[in-house]
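No value in this document is a laboratory result; all are computed from the given coordinates. Computed from a predicted model, the values in this text were never measured in an experiment.
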Amino acid sequence: MASWLTLRENKDFRTLYYRGRSQVNPALVTYVRKNRYGEPRIGITTGKKLGKAVQRSRARRVIREGLRPLYPSIGGYDIVFVARPRLLTMKSTALTPIIDKQLHQLGVLSDE
């Protein structure tokens, strides 16, 4: 997998916040909505409450690496991950089960 489609437009993020379904965890909030493209589009948000640029960049990297093993089994959904302060102390290997659980609860991944 070379790269994936990303959400960049503010209207796409807003649509997910207001019309998508969500799951909350102390480290991560996940918003999901079915799209018409047939392949997943991913957005990652890290607010200034997380810290300075170095911490926010690390949080984005950890989320991307935590999602990487699950990405091939995701269908046509728009997904936004919102980082929370507890994420700063986590490794991507600890985040993968959290993302997996949230995506299962939201119906993105099947129970295979």
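Observations
- If both residues of a DSSP beta bridge must be in the range 32-111, then about 40% of such bridges are antiparallel.
- Debye intensity ratio in log₁₀ form over the Cα atoms of the chain, taken at each q of 0.14, 0.20 Å⁻¹: -0.51, -1.09
- Rounded to the nearest 10 degrees, the inclination of helix 92-105 to the longest alpha-carbon principal axis of the chain is 40 degrees.
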